[in-house]
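Every number in this text was worked out from the coordinates using simple rules, so none of it is lab data. This is a predicted model, so every value here is computed, not measured. Neighbour counts run over all protein chains shown; Cβ positions are idealised from the backbone, glycine included.
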Amino acid sequence: MLTELEGAGLLEGRDVLTLGDLAPADVRRVLDLAKEQKAAWAAGDRSRPLEGRAAALVFMKPSMRTRVSFEVACGRLGLQPVVLGAADAFSRGETIEDTTRVLERYVDVIVIRTFEQAQVEAIAEIASVPVINALTDDYHPCQVLADLLTIEEHVGRLPGLKLAYVGDGNNMANTLLMGCPLAGVNLAVATPAGYEPLPEAVRNGERIAASAGTALTLSHDPAEAARGADVVVTDTWTSMGQEAEHDERLEAFDGFQVTPELMSLASPGALFMHCMPAHRGEEVSPSVIDGERSVIIDEAENRLHAQKALLSLVLGIGSVKG
Ligand code: CP
Ligand code: NVA
């Protein structure tokens with residue numbers, strides 16, 4: 001077992017581009033530090049362990065939760081956030097290399113939301129500072145860290161639980177495929193045919209699940225996935241960049257809405273989660289998302305705590321005070 005001091009540098013300097021970049025102990029460490037920092041903040045601790053450092057927060061796609069939670073996380077850590085939009089960086093005909101090599105002279109960490117996972121990987125390859133994926137078309141690792149934190153807070157544990165993901169095989173499904181087994185959570189994914197998760201995410205998820213000893217099933221059957229689940233998760237059927245497919249997707253996803261009937265197949269008291277933005281009447285019934293089992297607002301709040309912990313760890317801070 002690692003002591004606090006030995007464990008402090010485990011994530012220092014590392015990129016988080018997918019949850020496949022993390023080991024189970026790394027995920028545990030993010031969740032533990034997030035809980036410590038959350039409790040310390042609530043108790044009035046205003047330590048700013050990253051005072052004097054800076055973070056670039058690059059958004060090539062829209063965002064509300066991710067942008068605000070990262071900016072506030074930076075502020076609470078004393079880390080200066082510099083927000084850049086699509087008109088500012090990784091655009092204007094400049095090469096990725098030029099932008100990255102200049103950016104890293106100003107900042108200590110680059111957080112980026114963009115379309116292609118390959119762009120984030122190219123930036124990370126060049127950058128000498130850590131790069132954190134704040135959502136791509138393929139993955140949303142920060143969201144799933146916050147989701148795991150939320151489940152643990154509500155249920156009291158993670159290992160051995162069953163999570164059902166019902167809906168589009170998108171960036172959330174791809175990320176849960178790795179995040180669930182890393183946390184010891186069994187996962188059942190149900191998508192319509194033709195909307196399955198990425199083969200690469202499935203391969204990685206199966207590899208992690210085999211070593212963690214967790215179950216991982218993929219099907220086209222929402223009822224089968226939901227049966228006995230402790231947590232039921234869904235996401236929009238039309239992700240950013242797919243707006244032109246909205247009507248076609250509404251038809252393709254018929255039968256995949258998370259309804260009270262579907263929730264009744266899950267464990268009594270099962271949680272409902274959604275990363276938001278949500279579309280009532282599409283991927284979820286209003287009575288489910290606005291019902292007593294829904295923990296979506298806690299989930300959104302935990303973006304702040306999970307990301308604050310992740311920023312701390314990649315910048316070498318392993319405890320509340322640094
Ligand atoms: N869940 C999430 O990432 O929300 P935003 O798109 O608003 O950042
Ligand atoms: N799958 C959604 C998640 C939004 C946070 C999207 O990519 O638009």
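Return an integer: the convex hull volume of the alpha-carbon atoms of region 1-117, in Å³ per residue.
Numbers: hull volume 15.0 nm³, N = 117.
So the per-residue Cα hull volume is 128 Å³.
The relative contact order of region 166-266 comes to 34 percent, based on Cα pairs under 8 Å that sit 6 or more residues apart. Each of Ala252, Gly228, Ser211 was placed along the dipole of region 190-259 (beta-carbon charges, centred on the mean Cα), and the one lying farthest toward the positive end is Ser211. Calculate I(q)/I(0) for region 77-140 by the Debye formula, one identical point scatterer on each C-alpha and no solvent, and give its log10 at q = 0.13, 0.18 Å⁻¹ to two decimals. Listed by q, the Debye log ratios stand at -0.32, -0.63. Values of log10 I(q)/I(0) for region 87-245 across q = 0.13, 0.18, 0.21 Å⁻¹ run -0.67, -1.06, -1.28, by the Debye formula with one identical scatterer at each alpha carbon and no solvent.
Placing +1 at every Lys and Arg Cβ and -1 at every Asp and Glu Cβ, with all other atoms neutral, what dipole size does the chain have around its Cα centre, in debye to the nearest 20?
Values: 27 positive and 47 negative charges, 245 e Å.
Value, rounded to 20: 1180 debye.
Ordering Val288, Leu10, Met240 by Cα displacement along the dipole of the chain toward the positive end leaves Leu10 in first place; charges were set at the Cβ atoms of Lys, Arg (+1) and Asp, Glu (-1).
Pairwise alpha-carbon distances in the chain exceed 31 Å for 28% of all pairs.
Length available on full extension from Ser128 to Asp221: 0.36 nm per residue minus the Cα-Cα distance, which gives 29.0 nm.
Helix screen, the chain: no DSSP H segment has Cα axial length of 20 Å or more and mean Kyte-Doolittle hydropathy at least 1.6.
For the pair Val155 and Ala54 in one chain, pulling the backbone fully straight at 0.36 nm per residue adds 32.8 nm over the alpha carbon distance.
Calculate the FRET efficiency for Phe115 and Ala40 from the Cβ-Cβ distance with a Förster distance of 56 Å, rounded to the nearest 0.05.
Values: r = 37 Å, r/R0 = 0.65.
Taking R0 as 56 Å, the efficiency between Phe115 and Ala40 is 0.95.
Summarising the overall dimensions of region 176-300 from its C-alpha atoms, the Rg and Dmax are 14.4, 40 angstrom. In this rough spin-label picture, where each label sits 7 Å from Cα along the Cβ direction, the Asp32-Asp298 distance is 2.2 nm.
In square nanometres and to one decimal, what's the mean projected area of the convex hull around the Cα atoms of region 147-228?
Working: hull surface 19.2 nm².
Spelled out: convex hull of the Cα atoms, projected over all directions, averaged, 4.8 nm².
The lysines whose alpha-carbon is closer than 18 Å to the alpha-carbon of Lys38, local same-chain residues fewer than 8 away aside, are Lys308, Lys321.
Taking the Cα centre of region 119-257 as reference, the dipole from Cβ charges on Lys and Arg (+1) and Asp and Glu (-1) amounts to some 700 debye. In order along region 267-283, the phi-based Karplus estimate (6.51 cos²θ - 1.76 cosθ + 1.60, θ = phi - 60°) of 3J(HN,Hα) comes to 4, x, x, 4, 7, 10, 9, 7, 6, 6, x, 10, 10, 4, x, 9, 6 Hz; Gly and Pro are listed as x. For Lys35, a cut-off of 12 angstrom between C-alpha atoms picks up these aspartates and glutamates, skipping any fewer than 8 places away in its own chain: Glu152, Glu153.
With a cut-off of 18 Å on the backbone N, the residues of region 207-236 near the modelled label site 7 Å out from Asp254 along Cα-Cβ are 220-223. When Phe272, Phe115 are sorted by how many other C-beta atoms sit within 10 angstrom of their C-beta, beginning with the fewest, the order is Phe115, Phe272. Under a model in which nothing but the beta-carbon of Lys, Arg (+1) and Asp, Glu (-1) is charged, region 15-101 shows a dipole of about 380 debye around its Cα centre.
Quote the convex hull volume per residue of region 181-253, based on C-alpha atoms, as a whole number of Å³. The partial results should precede the final answer.
Working: hull volume 7.6 nm³, N = 73.
Dividing the Cα hull volume of region 181-253 by its residue count gives 104 Å³.
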